[in-house]
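Reviewing the structure listed below.
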Amino acid sequence: MDGNGRWAKERNLKRTAGHEEGAKVVREITQHCAALGVKYLTLYAFSTENWNRPKLEVEFLMKLLEKYLKSELDIYMQNDIRFRAIGDMSKFSKSLQKQIALTESTTAKNKGLTQVLALNYGSQDEITRAVKRLTQKGLEISQENIEACLDTAGFPDVDILIRTSGEVRISNFMLWQCAYAEMFFVQKFWPNFTKYDLDDIIDDFIKRERRFGGV
Ligand code: FPP
């Protein structure tokens, strides 16, 4: 979800206004995916590197996430959406950690879309934590065992990766899970991204021939 800051700058607004607008788009895209029957939607909301941003911006994002999760619970329940977080939650405030755990447990039995928020998430950090877990459990190093120790254990691999704002980078996002993802890089800033843009991407995805290394 890239481009919140530039969206705000274009309008002479503070960067935080871009994040606030971005949160509205998170809601719209999540509800659209639920209505389309998409099974998993993962949104990269805060990376392990985002702590390097100005303190006030980080604090704003933390408050926005907590506010979003609180306000979203009814929408999750009404739309049969299960919520999951991936990343290292231990760095967050107790209050945000509690809200994340509460949202996960309240929505755990929902059967429609699983909305996954990547929070304090970095793929290199996730893989490192997975290998540590594997070693602690004394398990053999195998692809299956590594997968079972990733934060995404039990989730399918990524089919479609979308990055907004014109940047063509993967930025430490699901490096393992994106092995055969189809990639889409769109020019629009995240706050301008709409459900119609997503529909266009899905139409394009359906037409792509996926060979998974075969012929
Ligand atoms: C990247 O754009 C965006 C982020 C680091 C934060 C994403 C957060 C949201 C979309 C809102 C909160 C999320 C939820 C789930 C409620 P940027 O700030 O790097 O933009 P720039 O590259 O234009 O500066």
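Laboratory data are not the source of any read-out in this text; all were calculated from the coordinates shown. Because the structure is a prediction, the values reported are computed rather than measured. Quick reminder, even Gly has a Cβ in these numbers, built from the backbone with ideal geometry, and neighbours come from all protein chains shown.
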Net charge (Lys, Arg +1; Asp, Glu -1) of residues whose beta-carbon lies under 11 Å from that of Met174, Met174 excluded, is -3
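Summing +1 for each Lys or Arg and -1 for each Asp or Glu, what net charge is found among the other residues whose Cβ lies under 12 Å from the Cβ of Gly18?
So the surrounding residues net to +1.
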At 1.002 mPa s and 20 °C, Stokes D of segment 1-49 from Kirkwood alpha-carbon radius, µm² per second:
179 µm²/s
Nonlocal amide H pairs with Leu175, under 5 Å, H built at 1.01 Å
Ser123
Förster-model FRET efficiency, 25 Å R0, Lys14 and Phe185, C-beta, rounded to 0.05
0.40
Between Ser165, Ser47, Ser95, which gets the highest mean-square fluctuation from a Gaussian network model of the chain, Cα cutoff 10 Å?
Ser95
Dipole of segment 8-93 [Lys/Arg +1, Asp/Glu -1 at C-beta], most positive-end residue of Leu65, Asn12, Ser93:
Asn12
Considering only DSSP states other than H, G, I, E and B, which GluC sites (Glu not before Pro) in segment 72-152 qualify as loop sites with at most 10 other Cβ atoms within 10 Å?
Glu140
What do you get for trypsin sites (Lys or Arg not before Pro) in segment 108-154 restricted to DSSP loop and a cutoff of at most 14 other Cβ within 10 Å of the site's Cβ?
Lys109, Lys111, Lys137
Surrounding charge for Ile206, neighbours by C-beta under 14 angstrom, Lys/Arg +1, Asp/Glu -1, total -4
Arrange the following residues from fewest to most other Cβ atoms within 10 Å of their Cβ: Val26, Val215, Val168, Val116.
Val215, Val168, Val26, Val116
Which of the lysines could a cross-linker bridge to Lys137, judged by Cα under 30 Å and excluding same-chain residues fewer than eight apart?
Lys91, Lys94, Lys98, Lys109
Size of segment 38-133 as Cα extents on the principal axes (Å, biggest first)
37, 33, 23
Not counting the cut sites, what is the longest span of the chain without chymotrypsin sites (Phe, Trp or Tyr not before Pro) that DSSP labels loop and that have at most 13 other Cβ atoms within 10 Å?
1-179
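Give the calculated FRET efficiency between Lys63 and Lys195 to the nearest 0.05, with a Förster radius of 22 Å applied to their Cβ-Cβ distance.
Given R0 = 22 Å and the Cβ-Cβ separation, E is 0.25.
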The chain, dipole about Cα centre (Lys/Arg Cβ +1, Asp/Glu Cβ -1), debye to the nearest 20:
640 debye
Over segment 82-215, how many percent of alpha carbon pairs lie in each 10 Å bin up to the one with the longest distance?
10, 31, 39, 17, 3, 0
